[in-house]
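Right, one structure below, let's go through it.
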Amino acid sequence: MKKLLLLVFLCTGLSLVAQTDDEKQLKAIYNTALLDARGYDWLEYLSNQIGGRLSGSLNAEMAVKYTKKQLDSLGLDKVWLQPVMVPKWVRGIPEVAYIETAPGKTTNVPVCALGGSVPTPAGGVKAQVVEVKGIDELKKLGREKIEGKIVFYNRPMQADLISTFEAYGGCVDQRYAGAMEAAEFGAVGTIVRSMNLRLDDYPHAGSMSYGDLPAAQRIPAAAISTNGAELLSGMLALNPDIRFYFKQTCRQFEDVKSYNVIGEITGSEHPDEVMVVGGHLDSWDLGDGAHDDGAGCVQSMEVLRLLKKTGYTPRHTIRVVLFMNEENGLRGGNKYAEEAKAKNEKHLFALESDAGGFTPRGFTFECNDGDFARIESWKPLFEPYLIHLFEKGYSGADIRPLAGDDIILAGLMPDSQRYFDHHHAANDTFEHVNKRELQLGAATMAALVYLVDKYM
């Protein structure tokens, strides 16, 4: 009996030592992130010295060079650029739009061309407006009521959903496929309510697609601010015969070469087994892409710096990937997965930060039940840092091409209530990112990477 008690005591003691080591490592990670921050400074440069980084642009090229230089300065085992061909779409001169209630009587409203849209004719487009709440309503109206008119998609994000990403997912189809669907019924253009939960004067960009629609049938598509959408809807209710005018000069060019920016710490025990942490380096062009996704990029860079700074030696190779072209093509994520497969690389884990630089709440995971149970057992280690969300769900667009039976995919989930106030809009700027929140997110990511590396 005494031997049994001694064995239990020894096992318990070893467990407590291991737990204490993990607590110490997490504490070191969080302390370093908050007291010796680098990510916030990197983000300031990306945002204020470079600015919006749309794929194929000069700014995107500058961002590639800058982030590679910063990774080189961290003393990683390897840093390199991975070439990838990306689309080059240019907005052109600022868009113009107005509501015409009578000849010569107009009210200007804020709009922006959607990414990938064709331009309007040189003189713009002016036509009567048909308001719909979504694609299903459009189809019910049919060609007779749509032909020759501008379709106004005005389904708002559902405000009573606590998950703002769920609200976004519930209406983003009208932005992505709205022009393609409206063109089939003879519309001459589309205006889409911005994906934004608050009322303001910022139109929100985002990608759209024409599918297989022939070039001759493609119609211009723009987003209108939420205040503009409310005004247009109210005016239509009073007078269905009002007209809408908009002009945009956007243009699609041939694909150009860009790069994913990659750096790694080679694993001490399993160098051929790779763990990835990343965000997307490109952004829309209206703001400077501070939340979407400059924050995710610098947090991912910070993960490797924090592990090195705290003296941790990874068992597996830990790789940061700054993906190019998430916003309007996913070319970077697809290219990375394609090359990983061609090289027969074994990826164990991938973590993406692409939900803004707000206060971290936890993670979502795509993995099997056994791996998820083990990850959930680490929740007490995160509780001192107010990280409570561990649930199965979507991970991230750039790492999704790596999906397979043996890999754990994860996404950092910050508090999302303010995210869509800035998403794809001109107010996605550096001053809206809080340094402490940003660094807490980086530390939370580094803590998870440490635990996965040690125990999985």
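Couple of notes before you dig in:
- Of all residues in segment 398-414, those satisfying the criterion of being farther than 11 Å from Leu348 by Cα and either open to solvent by 40 Å² or more (accessible area, probe 1.4 Å) or touching a His at 6+ places or on another chain (Cβ under 8 Å) (or both) are Asp398, Arg400, Pro401, Met413.
- Segment 264-290, residues that are crowded, with 24+ Cβ neighbours inside 10 Å, assigned to a strand (DSSP E or B) and not β-branched (Val, Ile, Thr): Met275, Gly278, Gly279, His280
Yes/no per residue for (1) among the basic types (Lys, Arg); (2) open to solvent by 60 Å² or more (accessible area, probe 1.4 Å); (3) at pLDDT 95 or above:
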| residue | (1), (2), (3) |
| --- | --- |
| Ser15 | no, yes, no |
| Ala18 | no, no, no |
| Leu26 | no, no, yes |
| Tyr40 | no, no, yes |
| Leu46 | no, no, yes |
| Leu54 | no, no, yes |
| Ser57 | no, no, yes |
| Val64 | no, no, yes |
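- Against the list (1) assigned to a helix (DSSP H, G or I); (2) more than 22 Å from the chain's Cα centre (by Cα), the condition Thr317 fails is (1).
- Odd one out for Ala216, checked against (1) within 27 Å of Asn325 (Cα to Cα); (2) in contact (Cβ under 8 Å) with a residue 24 or more places away in the chain: (2)
- Residues of segment 171-181 satisfying the condition of being open to solvent by less than 50 Å² (accessible area, probe 1.4 Å) and not charged (D, E, K, R): Cys171, Val172, Gln174, Ala177, Gly178, Ala179, Met180
- In summary, strands (runs of 3 or more DSSP E) completely within segment 90-147 and bearing 1 or more residues that are of a type in the set (Gly, Ala, Ser) and open to solvent by 20 Å² or more (accessible area, probe 1.4 Å) occur at 96-102.
- Filter result (more than 20 Å from Gly148 (Cα to Cα) and touching a Leu at 6+ places or on another chain (Cβ under 9 Å)) within segment 194-223: Tyr202, Pro203, His204, Ala205, Gly206, Ser207, Met208
- When each of Tyr394, Tyr385, Tyr419, Tyr450 is tested for being more than 30 Å from Asn227 (Cα to Cα), aromatic (Phe, Trp, Tyr) and open to solvent by less than 30 Å² (accessible area, probe 1.4 Å), the lone residue that passes is Tyr450.
- Just one of the numbered conditions (1) in a loop (DSSP other than H, G, I, E, B); (2) open to solvent by less than 60 Å² (accessible area, probe 1.4 Å); (3) not aromatic (Phe, Trp, Tyr) is not true of Asp212: (2).
The values are calculated or read from the model by the stated rules, or taken from the named source; none is laboratory data. Treat the numbers as computed from the prediction; the structure is a model and nothing was measured. We place every Cβ from the backbone using ideal geometry, glycine too, and count neighbours over all the protein chains shown. These accessible areas exclude ligands, DNA and RNA; they are computed on the full protein's heavy atoms, side chains included. Shrake-Rupley method; radii C 1.70, N 1.55, O 1.52, S 1.80 Å.
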